[in-house]
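Structure first, commentary second.
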Amino acid sequence: MTFIGHFVPAERALIGPIDRIFCRVRSYESVTMGQSTFQIDCSQMSTILHCATPRSLLLIDEFGKGTNVSDGIALFTSACSTLLELGDRCPKTVAVTHFSEALESNALAPHIGNGILHLHMASLQESDRLVPLFELRKVENKDQFKSSKSNYGLWCAKQAGLSKVVLDRAREIFDSIDKGTSISALSQDNSISK
């Protein structure tokens, strides 16, 4: 950014010359082109993997989220692994994901600290309140890693005005998935239409 005279929001940065900037940031479906958002995302990622050089800067945001979770984690992890296998020829890359499972996988875990810097967005939690600090912090240990796994979706849903009944049911489902237990059926007494 500094090469084009843009402000760089950092106290210090040693980056070197960049030949190209590739972004996989946001896509929209295109009825006229006959492509889904996910297909456009994959095309962007394909271009990145084929055209990036060791002097490129890659900005990859939420690649893989437009499909089911298993496919998304697999695609994100595979793309990152492909880049990491380049070793010293790997472009400078910033990849953002909510797929914490990707960092737990055997494919990426060995690279944390040696090619991958695991950061999370800091926040303060006070009882039923969440205050985002808009500050990236390094994940230093497994306990911190567990706390960074929450994407605060239920908190955001509450802020958006979803009803207590919907949020309570979402919490039940979240807890069941998190514990690996079966999700109970919604009873007539606990109807969402209340």
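The values are calculated or read from the model by the stated rules, or taken from the named source; none is laboratory data. Please read these numbers as outputs of a predicted model, since none were measured by experiment. Here Cβ is always computed from backbone atoms with ideal geometry, including for glycine, and neighbour counts include all displayed protein chains. These accessible areas exclude ligands, DNA and RNA; they are computed on the full protein's heavy atoms, side chains included. Shrake-Rupley method; radii C 1.70, N 1.55, O 1.52, S 1.80 Å.
For the chain, lysine pairs separated by 8 or more sequence positions, or belonging to different chains, with Cα-Cα distances below 24 Å total 19. When both the stretch 117-136 and the stretch 49-103 are represented by their alpha-carbon centers, they are found 24 Å apart. The long axis of helix 69-84 is offset from the longest Cα principal axis of the chain by roughly 20 degrees. Derived scalar couplings between HN and Hα for the stretch 160-177 equal 7, x, 5, 5, 4, 4, 5, 5, 4, 5, 4, 5, 4, 5, 4, 4, 4, 5 Hz in order, rounded to whole Hz, by the Karplus curve 6.51 cos²θ - 1.76 cosθ + 1.60 (θ = phi - 60°), x for Gly and Pro.
Note that the stretch 40-45 has calculated 3J(HN,Hα) couplings of 5, 4, 5, 5, 4, 5 Hz, one per residue in order, obtained from phi through the Karplus relation 6.51 cos²θ - 1.76 cosθ + 1.60 (θ = phi - 60°); glycine and proline are x. Ordering G115, I183, V165 by the projection of their Cα atoms onto the charge dipole of the chain, which places +1 on the Cβ of Lys and Arg and -1 on the Cβ of Asp and Glu, puts G115 at the extreme positive end. In the context of the full set of protein chains, the stretch 55-113 has a per residue accessible area of 54 Å² (1.4 Å probe). A full extension of the chain between S43 and I112 corresponds to an added length of 22.1 nm, given 0.36 nm per residue minus the alpha carbon distance. For the chain, the convex hull spanned by the alpha carbon atoms encloses 192 Å³ per residue. At an R0 of 25 angstrom, the distance between the Cβ atoms of S176 and M121 translates into a FRET efficiency of 0.45. Less than 5 angstrom separates the built amide H of L119 from those of V139, all sequence-distant by 5 or more or on a different chain. Fully extending the segment from V31 to L133, taken as 0.36 nm per residue of separation minus the present Cα-Cα distance, adds 32.9 nm.
The amide H of A95, built 1.01 Å from its N in the peptide plane, has I60 as neighbours under 5 Å, considering only residues 5 or more places off or on other chains. Computed over Cα pairs, the Kirkwood radius of the stretch 11-113 leads via Stokes-Einstein (1.002 mPa s, 20 °C) to a diffusion coefficient of 148 µm² per second. Across the stretch 93-107, coupling constants 3J(HN,Hα) worked out from phi with the 6.51/-1.76/1.60 Karplus curve, θ = phi - 60°, read 9, 10, 10, 10, 8, 9, 7, 4, 4, 4, 6, 7, 5, 5, 6 Hz, and Gly and Pro carry x. Note on the chain: with charges restricted to the Cβ of Lys and Arg (+1) and Asp and Glu (-1), its dipole about the Cα centre is near 280 debye. Here the accessible area is traced with a 1.4 Å probe on the protein chains. For the chain, carbon and sulfur cover 55 percent of it.
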